[in-house]
Amino acid sequence: MSTSNVNSTHPAVFLLVGIPGLEHLHIWIAIPFCFAYTLALLGNCTLLFIIWADAALHEPMYLFLAMLATIDLVLSSTTLPKILAIFWFRDREINFYACLVQMFFLHSFSIMESAVLLAMAFDRYVAICKPLHYTTVLTGPLITKIGMAAVARAVTLMTPLPFLLRRFHYCQGSAIAHCYCEHMAVVRLACGDTRFNNIYGIAVAMFIGVFDLSFVILSYVFILRAVLQLASQEARYKAFGTCVSHVGAILAFYTPAIVSSVMHRVARRAAPHVHILLANFYMLFPPMINPIIYGVKTKQIRERVLELFLRKDV
């Protein structure tokens with residue numbers, strides 16, 4: 001036996017099972033997955049093109065939206081191509097290091113999305129509660145710093161995970177009962193003391209969820225108070241209208257995450273495919289629905305999209 005094999009404590013490849021218990025339906029389940037991925041690609045690429053091409057949309061709100069679209073593109077492309085390969089071609093193998101890279105991107109960009117949603121809440125707070133200071137507060141350099149801070153926080157929190165997972169000996173087999181390399185799904189295959197990984201994973205999830213969501217809610221408390229103080233009903237409606245898309249994006253991101261988390265704790269005896277379908281929905285839904293929400297509810301985006309397609313028809 002070679003020295004490299006003796007020293008290796010992890011398998012060369014993992015096997016992604018897909019959705020345990022529903023293997024016979026994989027080819028059919030792949031159809032809505034493929035449709036959702038196509039919508040996510042088309043929608044987010046269209047948003048990015050419109051924001052890039054139209055100088056009038058180079059404002060804080062749309063720059064944050066461009067960040068969100070970029071994150072959604074990376075997030076969906078990190079998982080969906082491999083999931084479709086599993087469902088359609090039974091290509092279940094994934095290299096150990098490719099698995100760690102997928103896990104890193106998956107969790108890092110989820111954290112970045114949460115940060116950008118928080119930044120968008122701050123944008124709406126300044127726009128409605130401090131309208132006279134909007135252009136002086138949300139400057140280009142500040143937006144750049146917010147974007148860099150979102151990336152730095154995610155990378156800092158997620159960088160330890162691959163190194164923590166490399167130190168384990170994997171004696172529970174190489175089959176991951178999931179569609180992608182999720183941190184805890186990989187940890188379940190490891191031998192030895194995994195308590196630190198469990199605690200670290202829960203602590204990061206709680207920190208991100210509680211911290212970001214608390215400040216988002218606080219921003220909307222101030223926004224609601226400011227809107228209710230407006231004199232006319234038309235002004236209130238207009239102010240609320242500027243927040244509808246962002247509220248929709250928040251619900252699309254946090255609701256599946258909270259439901260999935262609650263199900264893991266309340267319905268532990270539920271069939272494995274229920275939890276995995278919820279986890280996949282959490283990954284698929286925000287990238288697919290965000291462009292639709294902003295395309296329908298944001299007048300400037302809607303007008304640019306119509307102009308784009310009408311110009312093509314001509």
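The values are calculated or read from the model by the stated rules, or taken from the named source; none is laboratory data. Here the structure is a predicted model, which is why all the values come from computation and not from measurement. As a convention, Cβ positions derive from the backbone with ideal geometry for all residues, glycine included, and neighbour counts pool all protein chains shown. All accessible areas refer to the heavy atoms of the entire protein, side chains included, with ligands and DNA or RNA removed. Shrake-Rupley method; radii C 1.70, N 1.55, O 1.52, S 1.80 Å.
Let me confirm something: among Leu22, Leu73, Leu65, Leu47, which residue is more than 15 Å from the chain's Cα centre (by Cα) and either at pLDDT 95 or above or within 17 Å of Val296 (Cα to Cα) (or both)?
Details: Leu22 fails: either at pLDDT 95 or above or within 17 Å of Val296 (Cα to Cα) (or both); Leu73 fails: more than 15 Å from the chain's Cα centre (by Cα); Leu65 fails: more than 15 Å from the chain's Cα centre (by Cα).
Every option except Leu47 fails the conditions.
Identify all residues within the range 223-233 that are exposed (fewer than 14 other Cβ atoms within 10 Å of the Cβ) and either at pLDDT 85 or above or among the hydrophobic types (A, V, I, L, M, F, W, C) (or both); write none if there are none.
If the condition is that a residue be exposed (fewer than 14 other Cβ atoms within 10 Å of the Cβ) and either at pLDDT 85 or above or among the hydrophobic types (A, V, I, L, M, F, W, C) (or both), then Arg225, Leu228, Gln229, Ala231 are the ones that fit.
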note = Expected single match for over 16 Å from Asn290 (Cβ atoms), of a type in the set (Gly, Ala, Ser), touching a helix residue (DSSP H, G or I) at 6+ places or on another chain (Cβ under 6 Å) and open to solvent by less than 40 Å² (accessible area, probe 1.4 Å) among Ala85, Ala66, Ala30 is Ala30
Scan of the range 130-142 for residues that are within 18 Å of Ser245 (Cβ to Cβ) and of a type in the set (A, V, I, L, M, F, W, C), ordered by number = Leu138
task = State the number of residues belonging to the range 15-41 that are in contact (Cβ under 8 Å) with a residue 40 or more places away in the chain and not β-branched (Val, Ile, Thr).
result = 14
request  = Of the conditions (1) of a type outside the set (A, V, I, L, M); (2) touching a residue at least 24 places away in the same chain (Cβ under 8 Å); (3) over 30 Å from Arg166 (Cα atoms), His10 clears all except one; give me its number.
outcome  = (3)
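Kindly indicate whether Leu25 is open to solvent by 40 Å² or more (accessible area, probe 1.4 Å) and within 30 Å of Phe122 (Cβ to Cβ).
For Leu25, the condition - open to solvent by 40 Å² or more (accessible area, probe 1.4 Å) and within 30 Å of Phe122 (Cβ to Cβ) - is not met.
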ask   = Checking Gly147 against (1) under 19 Å from the mean Cα position of the chain (by Cα); (2) at pLDDT below 90; (3) surrounded by 16 or more Cβ atoms within 10 Å (Cβ to Cβ), which test does it fail?
value = (2)
ask   = So, of the residues in the range 242-260 that are at pLDDT below 85 and loosely packed, with under 15 Cβ neighbours inside 10 Å, which turns out to be nearest to the chain's Cα centre (by Cα)?
value = Ile258
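What tally of residues in the range 57-71 results from selecting those that are among the hydroxyl-bearing types (Ser, Thr, Tyr) and within 15 Å of Met112 (Cβ to Cβ)?
Here the count works out to 1.
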ask   = Out of the range 161-219, which residues are within 16 Å of Asn95 (Cα to Cα) and hydroxyl-bearing (Ser, Thr, Tyr)?
value = Tyr170, Ser174, Tyr180
key: Test: residue in the range 120-143 that is in contact with a strand residue (DSSP E or B) (Cβ under 8 Å, 6 or more places away or on another chain) and either open to solvent by 40 Å² or more (accessible area, probe 1.4 Å) or not aromatic (Phe, Trp, Tyr) (or both)   = no
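Okay, residues lined up against (1) of a type in the set (S, T, N, Q); (2) more than 26 Å from the chain's Cα centre (by Cα):
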| residue | (1), (2) |
| --- | --- |
| Asn198 | yes, no |
| Phe207 | no, no |
| Val210 | no, no |
| Leu218 | no, no |
| Val221 | no, no |
| Ala226 | no, yes |
| Leu230 | no, yes |
key: Condition check for Thr79: out of contact with any His (no Cβ under 8 Å at 6 or more places or on another chain), open to solvent by less than 10 Å² (accessible area, probe 1.4 Å) and modelled with pLDDT under 95   = yes
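Could you check how many residues of the range 204-225 are of a type outside the set (Ser, Thr, Tyr) and within 16 Å of Ala257 (Cβ to Cβ)?
Of the residues in the range 204-225, the ones of a type outside the set (Ser, Thr, Tyr) are 204-213, 215-218, 221-225.
Now drop any that are not within 16 Å of Ala257 (Cβ to Cβ), which leaves 204-213, 216-217.
Qualifying residue count for the region: 12.
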key: From Arg166, Arg188, residue being under 18 Å from Ala98 (Cβ atoms) and open to solvent by 70 Å² or more (accessible area, probe 1.4 Å)   = Arg166
Helices (runs of 4 or more DSSP H) enclosed by the range 148-262 - at least 3 residues per element that are closer than 30 Å to Met61 by Cβ = 195-228
